[in-house]
Amino acid sequence: MSDAGLHLHGVHKRHPNGLLALQDVTLDVAPGEFVALLGPSGCGKSTVLRLAAGLEAASDGRVDTPATRADPRAQAGAAETAFVFQEPTLMPWACCFDNVWLPLRLAGRSRAQAEPDVMRELRAVGLGDFAGAYPHELSGGMRMRASIARALVTRPRVLLMDEPFAALDEFTRQKLNADLLAWWAAHRLTVLFVTHSVYEAVFLSQRVLVMSGRPGRIVAEHRVPEPAARDAAWRNGADYVRACAAVSAAVEAAHGTQEAAP
Ligand SMILES: Nc1ncnc2c1ncn2[C@@H]1O[C@H](COP(=O)(O)OP(=O)(O)OP(=O)(O)O)[C@@H](O)[C@H]1O
């Protein structure tokens, strides 16, 4: 099986209007690694995800990911790479089941053929009893869960997440953070997670990459000490506090600003 890692080397991205979004970005995410990408609005974080997903091409440099490679599994119809956006982007006219079925339907699987996989994923995100519910009948956190189920239903090896929990309240966000870590551990996914939050980045990831303002560059990297478990005890422990302080200092050095305390 090919490498499920993400590799960008010397990547520049200039938009057709002349705007230089990324300058000389080099990053590697190892297969199964969880990396957070942190930076101010407009620095090019989403652009990095779009390049990794093969949705856009680099102007210069090399992008080597499962989505940009001719991969035997991709050719066989399995989606290697899943993308989760800040907005759940569900079809409002379709129930939860049909929303999660969509990627399998596009791959040619009937409702009956897809049912075991769709229900497995709905149950995994805690929506087993809501298969027939429509998006307007769900809370914001439940809509995000449905969106994550849709991303995971093809059993991708790479998960690209663009501030997926930014619009949620703090309680829902913490619950989904914990669930995401459980899904990551269960599926050994390679995750690149974009966030504005130092605290979320440190809680979730093994490594935090800090980007400069536009044109975006990677200006700092912080390896997070591996806790026994990423739980409430970790969130309140000295290692977590120290790691947040170190990453905040890197952000401040890069941008001259510091995030407010959680
Ligand atoms: N198609 C495009 N044409 C021109 N400029 C673009 C295009 N897409 C993005 N940009 C610009 O490129 C820069 C990087 O955009 P990007 O969306 O990657 O930033 P971001 O760090 O994800 O921002 P945010 O945190 O606000 O979502 C921004 O200045 C944006 O305005």
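Residues are listed down the side, and each one gets a yes or a no for (1) farther than 25 Å from TRP93 by Cβ; (2) surrounded by 15 or more Cβ atoms within 10 Å (Cβ to Cβ); (3) aromatic (Phe, Trp, Tyr):
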{"position": "GLU137", "(1), (2), (3)": "no, no, no"}
{"position": "SER147", "(1), (2), (3)": "no, yes, no"}
{"position": "ARG150", "(1), (2), (3)": "no, yes, no"}
{"position": "VAL158", "(1), (2), (3)": "yes, yes, no"}
{"position": "THR172", "(1), (2), (3)": "no, yes, no"}
Problem set entry | Condition met for VAL25 (in a helix (DSSP H, G or I) and either modelled with pLDDT of 95 or more or over 12 Å from VAL158 (Cα atoms) (or both)) | no
Problem set entry | Neighbours by Cβ (under 8 Å, 6+ apart or cross-chain): first from segment 183-199, over 16 Å from ARG230 (Cβ atoms) and touching a residue at least 40 places away in the same chain (Cβ under 8 Å); second more than 14 Å from the ligand (Cβ to nearest atom) and among the small types (Gly, Ala, Ser) | THR190/ALA4; THR190/GLY5; THR190/ALA30; THR190/GLY32
For this session: Name the single residue, out of those in segment 73-102 being out of contact with any Asp or Glu (no Cβ under 7 Å at 6 or more places or on another chain) and assigned to a helix (DSSP H, G or I), that is modelled with the lowest pLDDT.
Result: GLN75
For this session: Taking the residues in segment 3-12 that are surrounded by 15 or more Cβ atoms within 10 Å (Cβ to Cβ) and in contact with a Lys or Arg (Cβ under 9 Å, 6 or more places away or on another chain) as candidates, determine which candidate is nearest to VAL158 (Cα to Cα).
Result: ALA4
Seminar exercise, completed: Within segment 1-51, residues among the small types (Gly, Ala, Ser) and away from the ligand (no atom under 12 Å from the Cβ) come out as SER2, ALA4, GLY5, GLY10, ALA30, GLY32, ALA36
Problem set entry | Within segment 103-218, helices (runs of 4 or more DSSP H) holding 3 or more residues that are within 30 Å of VAL241 (Cβ to Cβ) | 140-152, 170-187, 198-204
Problem set entry | Check on VAL219, surrounded by 15 or more Cβ atoms within 10 Å (Cβ to Cβ) and either among the polar types (S, T, N, Q) or at pLDDT 95 or above (or both) | no
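The values are calculated or read from the model by the stated rules, or taken from the named source; none is laboratory data. Remember, predicted model here, so these are calculated numbers, not experimental data. Methodologically, a virtual Cβ is constructed for each residue, glycine included, from the backbone with ideal geometry; neighbour enumeration extends over all protein chains shown.
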